[in-house]
Amino acid sequence: MASNKTLHNPWNCTLLIFDIPRLLIYVSMIQLHLSSANCTTQLSSSNKQTFYLVHGVGHGAWCWFKLVPLLEAAGHKVTTIDLSASGINTKHLQDLRSFNDYSAPLLDLMDSLPLDEKVVLVGHSFGGMSISLAMDMYPNKISVAIFVSAFLPDTTHVPSYVLATFLLQLNTTETLIDTQLYLVDRPNQTPLEAILFGPDALKYSIYHLSPPEDLELAKLLVRESSLFVDDLSIANKLSEEGFGSVKKVYIKNEQDKTISGDFQRWMIENEGLEEVKDINNADHMSMISRPQALCKLLLEVAQELS
C-alpha cells in the first residue's frame, strides 16, 4: 500500500492523498478552479450569499466538487456537508438511531449559525429530506431552499409519504439494477433498511450522462446508506410555520433516470410549489454532468434575493 502524502490545495485545507481516486478529484478541482469564470458573474457585496450544499443518499460532500469553485468565483461562500455515515464522516450506518441522527451535521451547522445570518440551502435527491427538516427547525435562518432533482415533502402528510409513493411507482429492474438492499443490525434497535448502489445502477441510472472518469470515482466513493422510511413514517408532519414558511425553488430534470421527470412534477404539484426551473441534458447528478448549467440556475436564484 502506498504511503500517505499530504498536499496543500487552493482552498487552504490539507488534503490527504492515499489513493488514485482522491488524487483525481484534487486534480479536477484545480482544473475547474482555473476555468470557473465561464459560468459566473462577479457580484456586489450586497448580493453575496452563503450556500449550504447537501448531498443525496450514498454520496457525500465530494459530489459537489465541480460546483463549489464556480459559485465561489461568483463571490459566494459555499459550505459542503457530509451527513452522518456519508462521505468522510466517521460514523457508520449502524451507529445511527434515526433520520435526525443522519441529518445531524446539517442541523448542528444550522444551529451554530448566528441569528442575524441566513443561508441558501441546496438539497440534491434524498438531501431534499434533510434540508426540509432543517427548514422546519430553522426557518428564520434560510433565505431560500433549492431542491435539485430532490425529494420534496409536504405539510399534509408524514415525511415518509413522498418516499413511499416514489417506491411504489419505482421500476426496480430499470432503476436499481444491481443495487443492494439489505438490513443493518443496530445495538438495542430494530435493523435499519440499507441501500448500496451497484456499478451498473450508477452507470445506467444515476451517472448516464456524466463523464466516464466521474462515474469511476463515484463507484469508488459511494457508501451504504438508508432512506429511513420507517423512521420518517412515525415522524411529525412538517409545519406550515417552519417548512411551509420558507421560500422554495425546484430545479427539475426531465432526463433524470433515478427520480423521473414525471415524479418530480408530481411532487411539485403535491406541494403546490410555483417556482420551478429546468435543467436540460443532465443526468441525476446534474452537479457533475452539467455543473455550469446548474451553477447558472443557482446564481439566478441568488440574484433574485438581492
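Here, each number is a calculation from the coordinates, and none is a lab measurement. Because the structure is a prediction, the values reported are computed rather than measured. As a convention, Cβ positions derive from the backbone with ideal geometry for all residues, glycine included, and neighbour counts pool all protein chains shown.
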Please turn the phi angles of segment 165-182 into ³J(HN,Hα) values with the Karplus equation 6.51 cos²θ - 1.76 cosθ + 1.60 (θ = phi - 60°), one per residue in order, whole Hz, x for glycine and proline.
5, 4, 5, 5, 9, 6, 8, 5, 5, 7, 9, 7, 6, 9, 5, 8, 10, 7
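Given the convex hull over the Cα atoms of segment 212-258, what projected area results after averaging over all orientations, in nm²?
Result: 5.9 nm².
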Rounded to whole angstrom, the alpha-carbon centroid of segment 226-292 lies from that of segment 92-144 at a distance of 15
Two-site FRET efficiency, Val276 against Lys48, from Cβ-Cβ distance with R₀ of 22 Å, rounded to 0.05:
0.30
In which sequence would Glu300, Glu254 go, from the one with the fewest C-beta neighbours within 10 Å to the one with the most?
Glu300, Glu254
Distance between modelled label sites at Glu254 and Ile234, nm, 7 Å Cα→Cβ extension:
4.3
Fully extended, how many nm does the chain gain between Leu115 and Lys77 (0.36 nm per residue separation, minus their Cα-Cα distance)?
11.9 nm
In order over segment 144-157: 3J(HN,Hα) from phi, Karplus 6.51/-1.76/1.60, θ = phi - 60°, whole Hz, x for each Gly or Pro, gives 6, 10, 10, 9, 9, 6, 10, 5, 10, x, 9, 9, 8, 10
Can you spot the aspartates and glutamates whose alpha carbon is less than 14 Å from Lys237's alpha carbon? Ignore those fewer than 8 places along the same chain.
Asp136, Asp154, Glu271
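Would you mind classifying segment 102-228 by shape? Square roots of the alpha carbon gyration tensor eigenvalues, ordered a ≥ b ≥ c; an a/c under 1.5 is rounded, otherwise it is prolate if a/b is larger than b/c and oblate if not. Each step should come with its number before you reach the end.
Working: a/c = 1.78, a/b = 1.48, b/c = 1.20.
Taking the square roots of the gyration eigenvalues as a ≥ b ≥ c, segment 102-228 is prolate.
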In what order do Ile142, Ile206 fall by count of nearby beta-carbon atoms within 10 Å, going from fewest to most?
Ile142, Ile206
Among the listed pairs Lys118/Lys277; Lys219/Lys248; Lys118/Lys219, which are separated by more than 24 Å between their Cα atoms?
Lys219/Lys248; Lys118/Lys219
Note the full-extension length gain between Glu213 and Lys247 as 0.36 nm times their separation in residues minus their Cα-Cα distance, in nm to one decimal.
8.6 nm
Looks like segment 175-261, by Cα gyration tensor root eigenvalues a ≥ b ≥ c and the a/c under 1.5 rounded cutoff (else prolate when a/b is bigger than b/c, oblate otherwise), is oblate
